[in-house]
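Inspection log for the structure reproduced underneath, given as structure tokens.
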Amino acid sequence: MIEATAVRAELLALLRRHRLRQRMLIFAGLALLILAALASTGLGVETLPIGKTLRALLAPLLPPEDVADITQTQILVLQQLRLPRTVMAMIGGAGLSLAGVAMQGITRNPLVSPYTLGISPAAAFGASLAILFGLANLPGTGPYWTVGAAFLSAILCAGLVLGFSALRGVSSITLILGGVGLTYLFGAATATVQFVATEQQLAAIVHWTFGTINGSTWQEVRIAGAILLMGFPVLMGHAWALNAFAAGGDEIAASLGFAVARTRILVTMVAVLIAAGIVSFTGVIGFVGLVAPHIARFLVGGDHRTLLPFSAITGALLLLVADMIGRLAFAPVIIPVGIIVAYVGVPIFLHLLLARREELSA
Amino acid sequence: MTLTVAGLDYRYAHRPVLRGIDLAVAPGEVVSLVGPNGAGKSTLLKCINRILKPGSGRIDLEGRPVAGYGRRDLARAIAYVPQQAGAALSLPVIEMVALGRAPHRAYGSGRRDREIVLGVLERLGLETLAMRRFGELSGGERQRVLLARALAQGGRLMLLDEPTSALDLRHQLETMTIVRAVAKELGIGALIAIHDLGLAGRFSDRLVMLSAGRVHAEGPWTEVLTSAHLEAAYGVSAVIGSDGGLPYIIPTHRP
């Protein structure tokens, strides 16, 4: 009996250390994210140090003597031009990463990302149609046509994948293969549009597919952010079910009493909405949704109750840092974040992969 | 009876897989389902667990048809142990076991669930592995974790699908010993689909031999593991010996 309680005490201590470590990681991630956000917002034609950036952002709340060294123009530039870009990077990274975790978990496949389901290629097709038909150049409403067309096309693609899967019984393999099929279909459709497009249109289409957060506005941030804020709690509510899907697949999830088909459709729809909501504004940013979840998984483990929030932090940080590098590397030329993110993420990813090779080979 | 199956038929794409299966498992009884590949062992387990929907026949669990159980009720009553679980997106061992509490809880785990999970980890000697990732474990350790999850799940019936086929000799014995001990101690019925006839005979109260979707033979191993039955079901000749009342089987050649 004494021995039993000793074992229990040791086990509880182990559990506490594990929890503590996870909390520390989330805390450290958040702290790093806030720092990166301030640095990113301060960065620009006239770069401000982090402390000054913070004061400029909080200007309305601070006594006037504390912000005496900051001009109204600086405040305006920071709040209206740079901050929305920073926030969009965080929303984009967090959202794509969340969508990736959810898709990987629900299909029990580490290779899946929002990209795999054809969401990004479909969005690109929608955007390219808007550009081809000149909707993108309509005075005033142009950008919204592009975003709207991209979003509708992405949702249509997701609807096709889900509908197709529903016909065949929503198994993860049909979901993945259906997505792969549609990826090629929408790729071909975009190529067709590019083929008939004029030089200027072609340039605009290619530019859209690079994936950038240049010129993000508060309006865009509000829409993408609202979708993310609505989707995140739904995913968190299914964190335990995602554990079951990831750990054992459909039959195990069913044998543990989870509603397999309903959970799969709901989680997939939320993931798709989040990804489509972001990609429609930013263009194709493919890599975050695949890799940020894995980086997070390597650090905090596979329990979705911690993995979901932590992968949001990881994704946000990854995209934010990539965007800063894209702005700094060849300043004043800004390299689109969709390009840089792979350069930043792949080395981290490969490093972690080598560090844990035994697990993935199993 | 914990489990009663009567006249069960199951067809897959018009091909009959199970035909008129009758089967019963008493509380605390360990029953092994044996038979050649494709005889319908896994299909039968899936019908009982309602993963597949049988064409006709009855499946009663503690006197109630399983079709009438709610999704979570059924998961509280039947614990399922798969052959192996993949490791690519693996959970920490403790979370893998805690999943067994999912049908008992709306979300997350309460104090009582945690007590149960910790108790099961200790019982199966997994306490030092509790925070390791499932994917890092050896095959034997993984199988113990899957068993631990089934124990945490509780219930009246355990279904095991080839729990030993990926294990070495020592871990095969260890796994079957645990299953039998748990069944006897807690009065849980255990139905095990298993290829190894020696293990089946050694650890089960009764064997049910399936062949081409029908129950070919049933009873204690002395009645089921006979040259005649093996030849009829598997199409091989075999020498069956007994060592201290436990069977060993040496397949010789095709007749």
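When the stretch B:27-60 is filtered for residues that are assigned to a loop (DSSP other than H, G, I, E, B), touching a Leu at 6+ places or on another chain (Cβ under 7 Å) and hydrophobic (A, V, I, L, M, F, W, C), only B:A39 remains. Residues considered: B:A217, B:A228, B:A233. Of these, the only one that is among the small types (G, A, S), closer than 25 Å to B:R15 by Cα and part of a helix (DSSP H, G or I) is B:A233.
Candidates A:A189, A:A224, A:A239, A:A204: the one that is buried (at least 16 other Cβ atoms within 10 Å of the Cβ), within 14 Å of another protein chain (Cβ to nearest Cβ) and of a type in the set (G, A, S) is A:A239.
Among the conditions (1) within 12 Å of the chain's Cα centre (by Cα); (2) at the interface with chain B (Cβ under 9 Å from one of its Cβ atoms); (3) not aliphatic (A, V, I, L, M), the only one that A:G286 does not satisfy is (2). Restricting to the stretch B:96-121, name every residue that is surrounded by fewer than 17 Cβ atoms within 10 Å (Cβ to Cβ) and either in a helix (DSSP H, G or I) or more than 10 Å from chain A (Cβ to nearest Cβ) (or both). Those that are surrounded by fewer than 17 Cβ atoms within 10 Å (Cβ to Cβ) and either in a helix (DSSP H, G or I) or more than 10 Å from chain A (Cβ to nearest Cβ) (or both): B:G110, B:R111, B:R112, B:R114, B:E115, B:G119. Taking B:R142, is it touching a residue at least 24 places away in the same chain (Cβ under 8 Å), facing chain A (nearest Cβ under 10 Å) and part of a helix (DSSP H, G or I)? So B:R142 passes the test. When A:L299 is tested against (1) among the aliphatic types (A, V, I, L, M); (2) out of contact with any strand residue (DSSP E or B) (no Cβ under 9 Å at 6 or more places or on another chain); (3) free of Cβ contacts under 8 Å to residues at least 12 places away in the same chain; (4) within 13 Å of chain B (Cβ to nearest Cβ), just one condition goes unmet, and that condition is (3).
Taking B:T175, is it in a helix (DSSP H, G or I), surrounded by 18 or more Cβ atoms within 10 Å (Cβ to Cβ) and either modelled with pLDDT under 90 or over 15 Å from the mean Cα position of the chain (by Cα) (or both)? Answer is yes for this residue.
Can you find a residue that is at pLDDT below 85, within 14 Å of another protein chain (Cβ to nearest Cβ) and part of a loop (DSSP other than H, G, I, E, B) anywhere in the stretch A:343-356? Looking through the stretch A:343-356, at least one residue is at pLDDT below 85, within 14 Å of another protein chain (Cβ to nearest Cβ) and part of a loop (DSSP other than H, G, I, E, B).
Checking B:A75, B:A67 one by one, the residue that is at pLDDT 85 or above, within 16 Å of the chain's Cα centre (by Cα), assigned to a helix (DSSP H, G or I) and not acidic (D, E) is B:A75 and no other. Selection within the stretch A:1-58: residues that are touching a residue at least 12 places away in the same chain (Cβ under 8 Å) and not in a helix (DSSP H, G or I). The member of this set that is nearest to the other protein chains (Cβ to nearest Cβ) is A:L43.
In this structure, is B:L89 within 14 Å of chain A (Cβ to nearest Cβ), closer than 30 Å to B:G119 by Cβ and part of a helix (DSSP H, G or I)? No, not satisfied.
The set of residues in the stretch B:138-172 being over 21 Å from B:L3 (Cβ atoms) and touching a Pro at 6+ places or on another chain (Cβ under 7 Å) consists of B:Q143 alone. Starting from residues that are over 20 Å from the mean Cα position of the chain (by Cα) and among the aliphatic types (A, V, I, L, M), keep the ones in the stretch A:117-148 and report whichever is surrounded by the fewest Cβ atoms within 10 Å (Cβ to Cβ). If we take residues in the stretch A:117-148 being over 20 Å from the mean Cα position of the chain (by Cα) and among the aliphatic types (A, V, I, L, M), then A:L138 is surrounded by the fewest Cβ atoms within 10 Å (Cβ to Cβ).
Filter the stretch A:247-260 for residues that are out of contact with any Asp or Glu (no Cβ under 9 Å at 6 or more places or on another chain) and either more than 8 Å from chain B (Cβ to nearest Cβ) or aliphatic (A, V, I, L, M) (or both) and give the result. If the condition is that a residue be out of contact with any Asp or Glu (no Cβ under 9 Å at 6 or more places or on another chain) and either more than 8 Å from chain B (Cβ to nearest Cβ) or aliphatic (A, V, I, L, M) (or both), then A:D250, A:I252, A:A253, A:A254, A:L256, A:A259 are the ones that fit.
The values are calculated or read from the model by the stated rules, or taken from the named source; none is laboratory data. This is a predicted model, so every value here is computed, not measured. Every residue, glycine among them, receives a Cβ derived from its backbone with ideal geometry; neighbour counts consider all protein chains shown.
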